[in-house]
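Below: the structure, in structure tokens.
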Amino acid sequence: MPALKYLVALAALVLLSVASVLVGVSDLSLSAVLAGESATARLVLVEVRIPRTLALVFAGAGMAVCGTIMQMLARNRFVEPSTAGTVESAGLGILTVLLLAPGLPVYMKMLVATAFALAGTSLFLLILTRIPLRSPLMVPLVGIMLGGIINAVTTFFAYRYDMLQSLGAWTTGDFSAVLRGRYELLWLSLALTALAYAAADRFTVIGMGEAFATNLGVDYGRVVALGLVIVSMVTASVVVTVGMVPFLGLIVPNLVAMAMGDRLRRSLPWIAISGAGLVLVCDMVGRLVIAPFEVPVGTVLGMLGSAFFLYLVLRRRSRAA
């Protein structure tokens with residue numbers, strides 16, 4: 001039965017991917033492409049639509065899994081890369097590259113953004129160990145404040161050196177510029193998502209606390225370091241390729257956990273599939289709502305994520321009452 005459910009979910013994801021390939025400003029008939037009747041349609045399919053759809057799937061799955069890992073590391077359901085300073089740190093890394101070495105290849109930009117994201121996330125976790133957390137809501141509040149400070153520093157230097165427009169182009173969360181040759185970095189995100197699944201049981205254990213993990217013989221520090229590296233590299237690869245994709249790691253892991261619990265070996269594939277599906281749906285909504293113009297995926301997810309964050313807060317308060 002579980003295998004059948006996975007097959008159904010994958011089939012639904014494939015159908016969403018096909019719909020994403022066909023939705024756009026210019027009409028694209030799959031039958032015409034397969035019959036070889038239109039060279040232009042085939043060019044659009046190979047150069048634009050398929051790369052964009054793959055980028056949506058990889059980014060959605062990767063960021064959803066990153067949110068899950070962040071929640072295990074911080075032991076808090078309100079945490080994800082955009083509420084922990086991770087995304088903002090990656091943006092600061094990109095600005096640093098644009099200012100100091102704009103000619104670096106894309107993969108080097110990703111490595112610099114990864115280093116900044118790793119530093120920002122580590123700082124967030126360090127701050128959590130230094131302050132009393134009387135309420136779970138303090139954790140995302142600390143992350144949002146840290147992200148706001150980092151974003152303010154980034155904006156200051158971008159304004160000072162007339163780089164606001166360039167920085168905005170890098171961090172909008174827009175898939176419209178994805179072409180063949182400009183999304184391949186996201187294959188790394190897929191590989192790291194698979195690595196996260198391989199270590200799923202360890203992440204589940206450290207989510208129960210350092211003392212519990214140590215008693216079970218798990219190297220807590222090493223697993224935390226692995227989680228930080230996965231989160232930082234996936235976030236950096238997504239930000240460098242398409243920009244910021246906010247709140248995805250908040251929405252999907254919480255919905256899946258409500259239905260399936262916290263055992264990552266069981267729930268992580270569903271989180272990855274659901275994250276990819278949600279990004280595909282948001283992208284199609286953004287392409288259709290004011291066609292022929294587009295609303296960036298980051299904007300659509302930002303609205304959904306804000307509403308869902310408020311729902312989680314109110315739900316927790318009602319349960320506490």
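Some points to look at:
- Residue in the stretch 279-294 that is surrounded by 14 or more Cβ atoms within 10 Å (Cβ to Cβ), over 15 Å from the mean Cα position of the chain (by Cα) and at pLDDT below 85 present: yes
- Residues (in contact with a strand residue (DSSP E or B) (Cβ under 9 Å, 6 or more places away or on another chain), assigned to a helix (DSSP H, G or I) and crowded, with 18+ Cβ neighbours inside 10 Å) located in the stretch 295-305: Val297, Gly298
- Conditions (1) more than 26 Å from Glu88 (Cβ to Cβ); (2) aliphatic (A, V, I, L, M); (3) crowded, with 19+ Cβ neighbours inside 10 Å; number of the one not met by Leu228: (1)
- Set side by side, the residues Val112, Val153, Val178, Val106 differ, and just one is surrounded by 17 or more Cβ atoms within 10 Å (Cβ to Cβ) and out of contact with any Gly (no Cβ under 8 Å at 6 or more places or on another chain), which is Val178.
- Some residue of the stretch 160-171 being modelled with pLDDT of 85 or more and either out of contact with any Leu (no Cβ under 7 Å at 6 or more places or on another chain) or closer than 19 Å to Met63 by Cα (or both): yes
- Going through (1) within 24 Å of Val300 (Cα to Cα); (2) surrounded by fewer than 20 Cβ atoms within 10 Å (Cβ to Cβ); (3) of a type in the set (Asp, Glu) one by one, Asp162 falls short only on (1).
- Options Val224, Val218, Val205: the member that is touching a residue at least 12 places away in the same chain (Cβ under 8 Å), farther than 30 Å from Tyr311 by Cβ and not polar (S, T, N, Q): Val218
- Odd one out for Val245, checked against (1) touching a residue at least 12 places away in the same chain (Cβ under 8 Å); (2) part of a helix (DSSP H, G or I); (3) under 20 Å from Val87 (Cβ atoms): (2)
- Residues satisfying the stated conditions in the stretch 181-197, i.e. over 23 Å from Pro246 (Cβ atoms) and either in contact with a Gly (Cβ under 7 Å, 6 or more places away or on another chain) or among the acidic types (Asp, Glu) (or both): Glu184
- Helices (runs of 4 or more DSSP H) enclosed by the stretch 6-101 - at least 2 residues per element that are modelled with pLDDT of 80 or more and within 17 Å of Leu248 (Cα to Cα): 50-74, 86-100
- If you check Val300, Val239 for being touching a residue at least 60 places away in the same chain (Cβ under 8 Å), closer than 24 Å to Ser89 by Cβ and among the aliphatic types (A, V, I, L, M), only one passes: Val239.
The values are calculated or read from the model by the stated rules, or taken from the named source; none is laboratory data. It should be emphasised that the depicted structure is a prediction, and the values quoted were computed from it without experimental measurement. Cβ: placed from backbone, ideal geometry, glycine included. Neighbour counts: every protein chain shown.
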